[in-house]
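The values are calculated or read from the model by the stated rules, or taken from the named source; none is laboratory data. What you see is a predicted model, and the numbers here were worked out from it, not measured in a lab. Note: ideal-geometry Cβ built from the backbone for every residue, glycine included; neighbour counts use all protein chains shown. Calculation scope for accessible area: heavy atoms of the full protein, side chains included, ligands and nucleic acids excluded. Shrake-Rupley method; radii C 1.70, N 1.55, O 1.52, S 1.80 Å.
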Amino acid sequence: MISKDNPLQWFASGGLLLALILLTASHGSVQIPLRELPNVFFNASLDGDQQFWRDVLLDIRLPRVLLAALAGGVLALAGATMQALFRNPLAEPSLIGISSGASLGAVMAIVLGGGSFAVLAPAAFIGSLIATALAYHLGRRYPGMAGLLLAGIAINAICGSLIGLFTYLADDNELRSLTFWNMGSLAGASWQRLAILAPFLLLISLCIMRYWRAMNALLLGEREAHHLGFEIKGLRRILITLTALLIGPLVAATGGIGFVGLVVPHCVRMVLGADHRRLLPASFLLGAMALLLADWLARIAVQPAELPIGVITSLIGGPFFLALLLRRK
């Protein structure tokens, strides 16, 4: 069990994540022997197979596995945040329309704007923010989280209908892009995208983790949290906005990847308990590891082709989540 009083366990978890990054980066349609990794990384004069391995590792594999780790960690952290906010273990960012808004923005960018990342990323980002603002302003007319939840259901339905309309209007090439984007993919990973996404997403993640005390207080109920000194409306607005800032750009980069935000916080909570001081960073770490392994499976299952990563996470996450529910029953 990871404890805040035992930093060695956090270092061990970080070491395990680093080991998974190297293992999954070396394995795929082109096998790179682990013993060659030091040469590939640090030897300046390479030729033949070693130069080929370096090109594959540095130009293709490493940005992809780093994006997988980042996306998995962010999705799990966003799921844990939504579950604390709603005090519901079934909550995730899609519940109040954040993911649907980002998806609608991305689909509009593909159909109307050509689908380049420079257009798609801002469109998904703006879509998630508009959906979040609508859900918040409509939902605050009702006390508690019920209004936000109902507004989210309506926004999800509207976004789903508009996505269906744009899919109907898409031509053959756009339809193919939409299909693969909806199933999730990390194939578009590059150092340029990482340089844009990683600092922003890690900064927002750290901001969310600072609210662990407020999330612990929310577990007692909104009234109790208010008596403990937390301003509930402001806290709700901040957490929802930070989650939207996480999910919008990520959806633009990876497409739809389900179940990580739902299942991973559950698993961590079963082992570590509900203290968000440990739950949030542990969810980030386990989410990163889970998506690394899912991406590895997607790359090796049907070589030399690859499966959409959203298919892998749903195929594994769905039955796993059902097993968790049956176990609790």
### Task
Over the alpha-carbon set of region 219-286, work out the extent along each principal axis and list the three values in angstrom, largest first.
41, 29, 15
### Query
Taking only the alpha-carbon atoms of the chain, what semi-axes of the equivalent ellipsoid follow from 5 times the gyration tensor eigenvalues under a square root, in whole Å, largest first?
33, 26, 17
### Message
Using only the alpha-carbon atoms, what does region 246-322 span along each of its principal axes? Please give whole angstrom values in decreasing order.
### Response
43, 28, 19
### Task
For region 80-121, restrict the atom set to alpha-carbon positions and state the Rg and Dmax in Å.
13.8, 40
### Message
Rolling a 1.4 Å sphere over the protein heavy atoms, what is the accessible area per residue of the chain, to the nearest Å²?
### Response
48 Å²
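Can you give the net charge of the other residues whose Cβ lies under 14 Å from the Cβ of Gly184, counting K and R as +1 and D and E as -1?
In short, 0.
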### Query
Quick one: length gained pulling Phe42 to Leu18 fully straight, 0.36 nm per residue minus the C-alpha distance?
6.9 nm
## Note on the structure
In terms of the charge dipole of region 38-134, which places +1 on Lys and Arg and -1 on Asp and Glu at the beta carbon, the residue among Pro89, Ser128, Ala109 farthest towards the positive end is Pro89
#### Entry: Extension gain from Arg237 to Gln31, taking 0.36 nm per residue of separation minus the Cα-Cα distance
69.4 nm
### Query
How big is the Cα convex hull of region 23-91 in projection, averaged over all directions, in nm²?
6.0 nm²
### Query
Say a paramagnetic label sat at a point 7 Å from the Cα of Trp10, along Cα to Cβ; which residues of region 196-213 have their backbone N under 18 Å from it?
202-213
### Task
Only helical DSSP H runs with n ≥ 4 go in: add -39500 (n - 2.57) per run for the chain, normalise by residue count and round the 222 nm mean residue ellipticity to 500 deg cm²/dmol.
-25000 deg cm²/dmol
### Message
Report the rotationally averaged projected area of region 171-283 based on its alpha-carbon convex hull, in square nanometres.
### Response
8.9 nm²
### Summary
For region 31-186, shape from the Cα gyration tensor axes a ≥ b ≥ c, cut at a/c of 1.5 then a/b versus b/c, turns out oblate
### Task
Compare the peptides 128-134, 208-214, 158-164 by average per-residue count of other Cβ atoms within 10 angstrom and give them in order, highest first.
128-134, 208-214, 158-164
### Query
Residue separation times 0.36 nm, minus the C-alpha to C-alpha distance between Arg141 and Leu324: what's the value?
62.4 nm
### Task
Could you go through region 304-317 in sequence order and give the Karplus-derived ³J(HN,Hα) for each residue, using 6.51 cos²θ - 1.76 cosθ + 1.60 with θ = phi - 60°, rounded to whole Hz, and x for Gly and Pro?
x, 7, 9, 8, x, 5, x, 5, 5, 5, 6, 5, 8, x
### Query
Order of 105-112, 165-172 by packing, highest average Cβ count within 10 Å first?
105-112, 165-172
### Query
Between Leu150 and His226, what is the spin-label point distance in nm, taking each point 7 Å from the Cα along the Cα→C-beta axis?
1.9 nm
### Message
Under a Cβ-only charge scheme (Lys and Arg +1, Asp and Glu -1), can you give me the dipole magnitude of region 77-202 about the Cα centre, in debye to the nearest 20?
### Response
420 debye
### Query
What residues have an amide H closer than 5 Å to that of Tyr142, excluding those fewer than 5 places away on the same chain, when H is modeled at 1.01 Å from N in the peptide plane?
Gly147
